[in-house]
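Here is the structure we will look at.
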């Protein structure tokens, strides 16, 4: 199967958010709480030949979800045309109990309705959370090059159809994807990508009237402005058990709202990454500190706000000192939370195509 481009799929999902929410019509009259139980069966997608020994069995499991249709009390509810939000819990048998074990996860999720008729609805469901995986790489389990830590981030992108059989009960079917990785905190970290089919039931508990009047958003991000960012992370480079490095990033960005729903972002990254030494010397080139530890990149992307919380995806290109063993392009996916009107905390994943580089935690300041 074609090599998976997880990061590009996720960037397209961000763009899809903007399209899907504009394309819908607000037809809801009640904010309903829904419980769902879903069975899942699929296969691991080997995005590297190294992972082919891990795909002997089927991955199957259960997903329990608790969702609430938003009630319209916040501006973003209306901007996103009243999606469903909630939490999902999973158990997945990864197909080889001795090598891969099982995954147990929890994640906040959001579901956008893209098709609706009297009894049939189709939704796009996205989530990002954490999972505990029972087996990981070790000298006693060297085959598992996909997972090397017990705690991993867990991302999903699903297309779910719902057929209403009564006022409270529905049958659901869908195509589901799951991704597990630790963001290269520890090697090896090829990650697991799973795609499969699901079948389940949904039960609606109750509903309440929605707010008819849209509140006004209270966000600095609704106006064009500059942002200054600084962050740091941890990464392991080289073979399993290799040296740990602590990259630092500085960034200047310009955020330009395209609408109340999303904003366009452009900027410059200045990155200090001493792990470059490993790649330069592996290529047989001379390493010159501190100069070779710095890279500069130009980036652009999309940011989607949900009140104080927002998600973003960025595509960048190295302009100065590109790593000789990595692609010229890099990507960033992140979550940020506005702790005050002009200050934000954020966590982001930097990758090169489908290879995670590191996870970074940082702080941003908005400048009007």
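The values are calculated or read from the model by the stated rules, or taken from the named source; none is laboratory data. Everything numeric in this text was worked out from a predicted model, so none of it was measured. So basically every Cβ, Gly included, is an ideal-geometry build from the backbone, and we count neighbours across all protein chains shown.
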What strands (runs of 3 or more DSSP E) completely inside segment 123-230 contain at least 2 residues that are modelled with pLDDT under 90 and surrounded by 14 or more Cβ atoms within 10 Å (Cβ to Cβ)?
-> 192-209
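Just to be sure, is residue 336 in contact with a helix residue (DSSP H, G or I) (Cβ under 8 Å, 6 or more places away or on another chain) and either within 24 Å of residue 129 (Cα to Cα) or touching a residue at least 12 places away in the same chain (Cβ under 8 Å) (or both)? Let's see the steps before the verdict.
Values: in contact with a helix residue (DSSP H, G or I) (Cβ under 8 Å, 6 or more places away or on another chain): no; either within 24 Å of residue 129 (Cα to Cα) or touching a residue at least 12 places away in the same chain (Cβ under 8 Å) (or both): yes.
No: the conditions fail for residue 336.
Does residue 297 satisfy being within 19 Å of residue 357 (Cβ to Cβ), touching a strand residue (DSSP E or B) at 6+ places or on another chain (Cβ under 7 Å), in contact (Cβ under 8 Å) with a residue 40 or more places away in the chain and not assigned by TED's automatic domain parsing to the domain that holds residue 109? Before the answer, list the steps.
Numbers: within 19 Å of residue 357 (Cβ to Cβ): yes; touching a strand residue (DSSP E or B) at 6+ places or on another chain (Cβ under 7 Å): yes; in contact (Cβ under 8 Å) with a residue 40 or more places away in the chain: no; not assigned by TED's automatic domain parsing to the domain that holds residue 109: yes.
So residue 297 fails the test.
Yes or no: residue 347 in contact (Cβ under 8 Å) with a residue 40 or more places away in the chain, assigned to a strand (DSSP E or B) and within 21 Å of the chain's Cα centre (by Cα)?
Here the answer is no, as residue 347 does not meet what is asked.
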Selected residue (only one of 267, 284, 313 is outside any helix (DSSP H, G or I), crowded, with 21+ Cβ neighbours inside 10 Å and either outside the structural domain of residue 138 (by TED's automatic domain parsing) or under 21 Å from the mean Cα position of the chain (by Cα) (or both)) = 313
Sort through 61, 57, 42 and tell me the only one that's over 22 Å from the mean Cα position of the chain (by Cα), under 30 Å from residue 137 (Cβ atoms), modelled with pLDDT of 80 or more and in the same structural domain as residue 93 (by TED's automatic domain parsing).
-> 57
Of the residues that make up segment 105-114, is at least one in contact with a helix residue (DSSP H, G or I) (Cβ under 6 Å, 6 or more places away or on another chain) and over 21 Å from residue 177 (Cβ atoms)?
-> no
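Is it the case, given these coordinates, that residue 100 is modelled with pLDDT of 85 or more, in the same structural domain as residue 148 (by TED's automatic domain parsing), under 30 Å from residue 189 (Cβ atoms) and outside any strand (DSSP E or B)? Before the answer, list the steps.
Working: modelled with pLDDT of 85 or more: yes; in the same structural domain as residue 148 (by TED's automatic domain parsing): yes; under 30 Å from residue 189 (Cβ atoms): yes; outside any strand (DSSP E or B): yes.
Here the answer is yes, as residue 100 does meet what is asked.
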Which one of these does residue 325 not meet: (1) buried (at least 16 other Cβ atoms within 10 Å of the Cβ); (2) part of a loop (DSSP other than H, G, I, E, B)?
-> (1)
If we keep only residues of segment 233-260 that are in contact with a strand residue (DSSP E or B) (Cβ under 7 Å, 6 or more places away or on another chain) and part of a loop (DSSP other than H, G, I, E, B), then the residue farthest from residue 145 (Cα to Cα) is 258
Please identify the pairs in which a residue from segment 47-67 that is more than 19 Å from residue 101 (Cβ to Cβ) has its Cβ atom under 8 Å from the Cβ atom of a residue that is assigned to a helix (DSSP H, G or I), counting only partners at least 6 apart or on another chain.
-> 47/6
